[in-house]
Amino acid sequence: MTSPVTGSGEVVLDHGSGAQLSHELISLIVETLGDVYIGEMEDSAMLSLPASRIAMTTDSFVVDPPFFGNGDIGKIAVCGTVNDLAVVGARPLYLTLGMILETGLPIDRLVRVLTSIRETAREAGVLIVCGDTKVVRKGEADQIYLNTAGVGVFERTPLRMRDVRPGDRVVLSGPIGNHTVHLLSIREGLGFEQRVLSDCAPLNGLLDDLFTAVGEGAVHSVRDVTRGGLAAVLHEYAASSGHTIRIEQAALPVQFETVMATDMLGINAIHAANEGCVCLFVDPSAEQEVLAALRSHRYGADAVTVGEVTEDAGAVVLMRDADGRDSVVEELQGSELPRLC
Amino acid sequence: MGKIAVLTNDLQADVVHKTPERTSAMAEAQPHFTAFLDEMRRRGHAVYHLQLVNLPDDPNVERDLDGTLPLQRGSEGAAILADFLAEGDVVVEKNKDSGFYETELHDRLQEAGVDTVLVTGLQTQICVQTTAADAFFRGYNVWVPSDCVVSGNPEDRDRALEWLGGYCATVADSKEIFAVLDAEGGLPRKVVKILP
């Protein structure tokens with residue numbers, strides 16, 4: 001699409017004016033999203049839900065860079081919200097799509113993002129029901145920011161943090177740290193970006209297969225391991241349960257090249273953000289069954305137990321090294337690594 | 001057996017003289033560094049200079065305090081320092097830390113039949129480290145002459161050399177490297193165990 005204003009095929013301020021250029025841009029968006037977009041251009045989407053209980057969530061996405069080796073901000077925007085719905089046990093159905101575009105963004109880059117949104121939404125089985133587009137002046141945003149809100153329905157008992165109890169096994173669905181290393185490597189050209197790829201993926205299929213296979217009660221709670229990494233998730237659960245959570249250092253699934261990169265960068269993989277990894281709190285009697293179910297899915301092939309919720313009172317997280325020594329896993333005070341999602 | 005090439009990183013005024021510490025470290029290293037390059041050339045090994053050029057639209061580029069973009073293409077500060085250049089050397093522009101990141105370096109080395117690279121220059125803990133790691137991932141036999149890498153802070157250099165030796169490269173000083181070349185006619189590849 002070439003803008004009549006600039007003739008350069010770039011986003012211009014008038015694309016967000018609500019006037020003719022806005023309509024042209026919206027047509028392009030709708031056309032590119034194709035059959036995953038079911039909006040009717042009313043001020044609100046009007047939807048029927050096949051359940052009386054729904055889950056809702058929202059997330060904003062400012063990832064830098066917006067395009068990376070095996071994904072982009074569009075893929076992350078769908079996966080992030082789909083995964084937030086799936087981890088509480090809901091079936092994701094609908095997403096909204098809000099976009100903030102910087103003047104000068106090439107239209108073909110926007111189309112790339114929209115295409116990625118379409119393909120990821122198709123994989124996740126969700127529909128885009130409404131959207132919004134705003135355009136800001138050059139320098140007021142960095143190319144493109146997205147927001148997605150999501151609605152899912154409960155066809156099973158919701159999973160809650162409060163249901164975690166001592167003895168629960170802590171299971172990870174896959175390696176940690178890869179998304180962070182991939183993005184940092186692209187930002188600075190560190191040489192790891194071809195070897196370490198982002199794990200960004202919609203995990204609702206994995207979790208649906210798991211819950212179907214193991215039945216209710218086997219998995220007490222699930223959380224996606226995003227900003228703050230595994231450490232943040234474990235601290236949240238330790239605080240909520242009032243019990244110490246202990247993980248085994250040797251059991252943590254970290255790709256060799258990711259170990260190299262995190263060692264070089266002075267960061268710890270347990271603090272690194274991920275976009276396609278969930279942490280599950282599993283009834284000990286169902287541990288092997290859960291692992292087998294996870295490993296039968298392509299997004300859970302490397303699932304592994306990394307620790308357990310102990311009987312010990314005290315909301316701390318401990319890491320046991322190969323010599324059996326425990327050390328406290330500190331929670332980061334702030335984000336050392338901004339804009340990873 | 002493939003050919004051996006020397007890769008230098010960022011031997012440019014804007015990098016070398018960015019801080020007094022770097023200038024001083026480079027002054028100390030320069031005599032044996034240039035002697036190493038001369039001897040490698042004399043033995044028939046090519047020298048590739050990786051020239052860091054900052055692109056104006058790169059949001060991650062570190063600007064000077066006054067907002068000036070250092071290392072601009074064609075600028076004096078971006079030129080490879082004359083003391084390190086010789087006839088026949090190859091200059092390859094790069095825009096990020098690793099000399100392989102979206103550059104023609106890998107293709108040129110492959111065309112030349114190079115399978116072993118000796119990674120030198122500054123800073124050890126950034127461009128040398130990332131270029132060496134990238135070379136390792138691309139299948140090169142990687143050596144790092146410990147007396148031909150420079151950092152403003154010697155602790156950064158030592159930590160980077162330890163990392164390189166631990167993960168992906170053979171670290172030895174230039175005298176040892178020439179001794180190995182004399183004794184074996186080449187530089188043996190370090191066996192690195194990649195964990196599953």
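The values are calculated or read from the model by the stated rules, or taken from the named source; none is laboratory data. Given the structure is predicted, the values throughout are model-derived calculations rather than measurements. In this analysis, Cβ positions are derived from the backbone assuming ideal geometry, glycine residues included, and neighbour counts consider all displayed protein chains. For accessibility, only protein heavy atoms count, side chains too; no ligands or nucleic acids. Shrake-Rupley method; radii C 1.70, N 1.55, O 1.52, S 1.80 Å.
Miscellaneous remarks
- Helix axis angle, B:174-184 relative to chain B longest principal axis, alpha carbon, degrees: 30 degrees
- Shown for chain B: the carbon plus sulfur share of the solvent-accessible area, taken with all protein chains present and a 1.4 angstrom probe, equals 49%.
- Separation of region B:2-42 from region A:317-341 is 38 Å, based on Cα centroids.
- To the nearest ten degrees, helix A:178-188 and the longest principal axis of the Cα atoms of chain A are 50 degrees apart.
- Take the Cβ atoms of A:THR212 and B:PHE178, set R0 to 60 Å, and the FRET efficiency comes out at 0.40.
- Helix-only arithmetic for chain A: the sum of -39500 (n - 2.57) across DSSP H runs with n ≥ 4, divided by the residue total, places the mean residue ellipticity at 222 nm at -9000 deg cm²/dmol.
- On Cα atoms only, tilt of A:20-33 relative to the major axis of chain A in degrees: 40 degrees
- Per residue solvent-accessible surface (Å²) - chain A, probe of 1.4 Å: 41 Å²
- Dipole magnitude of chain A about its Cα centre (Cβ charges: Lys, Arg +1; Asp, Glu -1), debye to nearest 20: 160 debye
- With semi-axes defined as the square roots of five times the eigenvalues of the C-alpha gyration tensor, the equivalent ellipsoid of region B:3-184 measures 24, 18, 16 Å, largest first.
- Averaged over B:130-136, number of beta-carbon atoms from partner chains that fall within 10 Å: 5
- Here each label is just a point 7 Å from Cα along the line to Cβ, and for A:GLU31 and A:LYS134 those points are 2.7 nm apart.
- Gap separating the Cα centres of region A:100-130 and region A:291-308, nearest whole Å: 30 Å
- From largest to smallest, the equivalent ellipsoid semi-axes obtained for region B:42-103 from the alpha-carbon gyration tensor read 26, 14, 8 Å.
- Linear extension gain, A:ALA51 paired with A:GLU330, 0.36 nm per residue minus alpha-carbon span: 96.3 nm
- Members of A:LYS138/B:LYS96; A:LYS75/A:LYS134; A:LYS75/B:LYS96; B:LYS94/B:LYS190; A:LYS134/B:LYS94; B:LYS3/B:LYS96 lying beyond 30 Å, as alpha-carbon distances in this model show: A:LYS134/B:LYS94
- Whole-number percent relative contact order across region B:3-184, with pairs defined as alpha carbons under 8 Å at least 6 apart: 26 percent
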